[in-house]
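Enquirer: Have a look at this one before I ask anything.
Bear in mind these aren't lab numbers, they're just calculated from the coordinates by the rules spelled out. Only a predicted model underlies this, so the values are computations on that prediction, with no experimental measurement involved. Methodologically, a virtual Cβ is constructed for each residue, glycine included, from the backbone with ideal geometry; neighbour enumeration extends over all protein chains shown.
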Amino acid sequence: MVGRERWNRLVLVGLALGILLGMLGLGMLGGWWVGRWMGTGAGTPKIADSPTMIRQVQGLNQLVSVKYVLEKVILVEDAKWYGDSRVLMVANGVAKAGVDLSKLKADDFEVEGKRVRVSLPRPQLLDVYLDDRRTQVVERSTGVLREFDKGLEQEARRQAVDQMRLAVRDAGIFRDAEERAGSQVEALLRRAGFEQVEVRFR
């Protein structure tokens, strides 16, 4: 008799758990359907941007590198059936590339009298960031029935940095960094007394 009562309790507990899980599943399904209907998960925002303009190229001495100053216009729109939000941003950024001289090793130098051959590491993209003092949102709009999405501005900034990173690669930032690194290292070694200097990149 005791065993039968225990079995009945286990069955009731199992049924209760089944009902709770079923209700939870229906609740999640209902929430997902309502979210879809309200447009809360309606894909990623549309992004429109302009070509990145190289405004300035400057040689730097730290790490024998090059700096690009850039400008880009980014438009991020988030359209829902109950209203649109959009951000138009003029982004100003800086990209730095160069040779990390801390990676030089003793066997990167071959010296024969007044002749020296040096192998430098390949240039790398050191940093890409926005200049907050010059980056500004020139237009911000929100639909009547919705609150402004603060994430749109962050998305615009992220898109600007990503696009600038691609643009400087296409514009030849590594080539410029290589040329400047080679000429600066050569000048340094000639001042040290070497008459023949060969600079290579490994």
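Enquirer: Between Arg115 and Arg200, how many nm apart are label points set 7 Å from Cα along the C-beta direction?
Expert: It is 1.3 nm.
Enquirer: Oh, and also: How long are the semi-axes of the ellipsoid equivalent to region 119-201, from square roots of 5 times the Cα gyration tensor eigenvalues, in whole Å, largest first?
Expert: Values: eigenvalues 417, 27, 14 Å².
Values for region 119-201, descending: 46, 12, 8 Å.
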